[in-house]
């Protein structure tokens, strides 16, 4: 007879105390294909795990209480999930459990309870295995332009220190790639890299997500959970869109950065954490501080080192072409040497307001056409390119368009153009500094310069 719940690749190792835990576990699980194996309480002969099988441990808490259990290090080393069985009179006193126990059953457990928990934990083991499969390496960072080469050089120079870093740049320029570069070239490279989008944290769940929670901390908390702070321990915590973090949550983040300890929801124990924090934003944090939307004390805690990632227009046409080629090869899965010149020329001429992310979308679509049709189908590719050219600001619209017409500026526009040129002159034509002075993003500044056809010739 085959049961609805059946798996012949699960081993349950049992450390039993004075109860008949081994016998009961075998009676509950054997008919479901699960192999129940007695384990040596004293630890003289710890089990040798079969990597092709999923392993769960079943441990009587009385073994720990009597000081006879020697398996904690083995369980931790092999990341084996543990079900702790305790008598009702012992209750759930945390003194009888390891600090981060998660799953418990009473001594009078029913078979259905044990089976359900074993299958659930075995599924988690499988999920972890899949997650640990080496991911496809990310495409190499392309830096043809001097401005991007300087960013990468600075990131590598500042990588191996624990100072906090702010990575600033428009949406889609690759801020997370720079954050990963900082991590991978640091002494924390062997530790975790935990990326969090601060703009995507649901209201009221900041504490649960960042601090974690104990078992039973709230309805549905059936197991203890490590928050982002703990997950990043020994590595790097990357907080994207830090400017979206509400003021009340900024206070809590600042406290953790200063004290380096956290307390999970529903618990009282303080847990030390050690991580480097890298944050990113497309917004002007200084302006947010002046407007009262971002705490000045947190700003100075976070912005010890500041890196600016340029947009694609600032990197120039050659870098667009190099990035496009690299993305194309990654999508096709082989080196591509026959990209037609007309295609590269049109890619270089497009203004990608979505930056690298938008360019990646174009490369993926071109790769599909190349793969499916076995060549560079000019008609189909033309249709795709036109969509991106239409999205480009100023390509077929705005003042002084390329169609030969010359739409005169209004008085207000003339005044704005004059102010922008004056601000550029004042700041040596450094766009980042000029944008900050004007209280706008570099993207907006760039679009206004295109609109009014402001070029370096105005600086002559």
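Does at least one position in the stretch 263-273 carry a residue that is outside any strand (DSSP E or B), out of contact with any strand residue (DSSP E or B) (no Cβ under 8 Å at 6 or more places or on another chain) and crowded, with 22+ Cβ neighbours inside 10 Å?
Within the stretch 263-273, none of the residues are outside any strand (DSSP E or B), out of contact with any strand residue (DSSP E or B) (no Cβ under 8 Å at 6 or more places or on another chain) and crowded, with 22+ Cβ neighbours inside 10 Å.
Determine whether the stretch 274-292 contains at least one residue that is farther than 26 Å from residue 443 by Cβ and in contact with a strand residue (DSSP E or B) (Cβ under 8 Å, 6 or more places away or on another chain).
yes
Can you name the residue in the stretch 231-253 that is touching a strand residue (DSSP E or B) at 6+ places or on another chain (Cβ under 6 Å) and not in a loop (DSSP other than H, G, I, E, B) and is also nearest to residue 286 (Cα to Cα) among such residues?
243
Can you name the residue in the stretch 136-169 that is farther than 17 Å from residue 185 by Cα and surrounded by fewer than 13 Cβ atoms within 10 Å (Cβ to Cβ) and is also modelled with the highest pLDDT among such residues?
That would be 146.
All but one of (1) out of contact with any helix residue (DSSP H, G or I) (no Cβ under 6 Å at 6 or more places or on another chain); (2) modelled with pLDDT under 95; (3) surrounded by fewer than 21 Cβ atoms within 10 Å (Cβ to Cβ) hold for residue 232; state the number of the condition that does not hold.
(3)
Could you tell me whether residue 195 is assigned by TED's automatic domain parsing to the domain that holds residue 302, free of Cβ contacts under 8 Å to residues at least 12 places away in the same chain and in contact with a helix residue (DSSP H, G or I) (Cβ under 8 Å, 6 or more places away or on another chain)?
So residue 195 fails the test.
Tell me the residue from 346, 315 that is farther than 23 Å from residue 156 by Cβ, in contact with a helix residue (DSSP H, G or I) (Cβ under 7 Å, 6 or more places away or on another chain) and in contact (Cβ under 8 Å) with a residue 24 or more places away in the chain, please.
Exactly one of 346, 315 is farther than 23 Å from residue 156 by Cβ, in contact with a helix residue (DSSP H, G or I) (Cβ under 7 Å, 6 or more places away or on another chain) and in contact (Cβ under 8 Å) with a residue 24 or more places away in the chain, namely 346.
Can you name the residue in the stretch 18-47 that is outside any helix (DSSP H, G or I) and modelled with pLDDT of 75 or more and is also farthest from residue 125 (Cα to Cα) among such residues?
Only one residue fits best here, namely 20.
Taking the stretch 118-135 only, how many residues are modelled with pLDDT under 75 and in contact with a strand residue (DSSP E or B) (Cβ under 9 Å, 6 or more places away or on another chain)?
Of the residues in the stretch 118-135, 3 are modelled with pLDDT under 75 and in contact with a strand residue (DSSP E or B) (Cβ under 9 Å, 6 or more places away or on another chain).
Out of 304, 347, 289, report the one residue that is assigned by TED's automatic domain parsing to the domain that holds residue 182, buried (at least 16 other Cβ atoms within 10 Å of the Cβ) and over 16 Å from residue 173 (Cβ atoms).
289
Can you tell me which of (1) crowded, with 17+ Cβ neighbours inside 10 Å; (2) without any contact (Cβ under 8 Å) to a residue 60 or more places away in the chain is the one residue 277 doesn't meet?
The one condition residue 277 does not meet is (2).
Just the residues that are closer than 30 Å to residue 267 by Cα, touching a strand residue (DSSP E or B) at 6+ places or on another chain (Cβ under 7 Å) and in a helix (DSSP H, G or I), please, taken from the stretch 180-211.
Those that are closer than 30 Å to residue 267 by Cα, touching a strand residue (DSSP E or B) at 6+ places or on another chain (Cβ under 7 Å) and in a helix (DSSP H, G or I): 198, 207, 208, 211.
Regarding the stretch 210-223, can at least one residue be identified that is at pLDDT 90 or above and either under 26 Å from residue 307 (Cβ atoms) or assigned by TED's automatic domain parsing to the domain that holds residue 198 (or both)?
yes
The values are calculated or read from the model by the stated rules, or taken from the named source; none is laboratory data. Since the model is a prediction, treat every value here as computed from it, not as a measurement. Here Cβ is always computed from backbone atoms with ideal geometry, including for glycine, and neighbour counts include all displayed protein chains.
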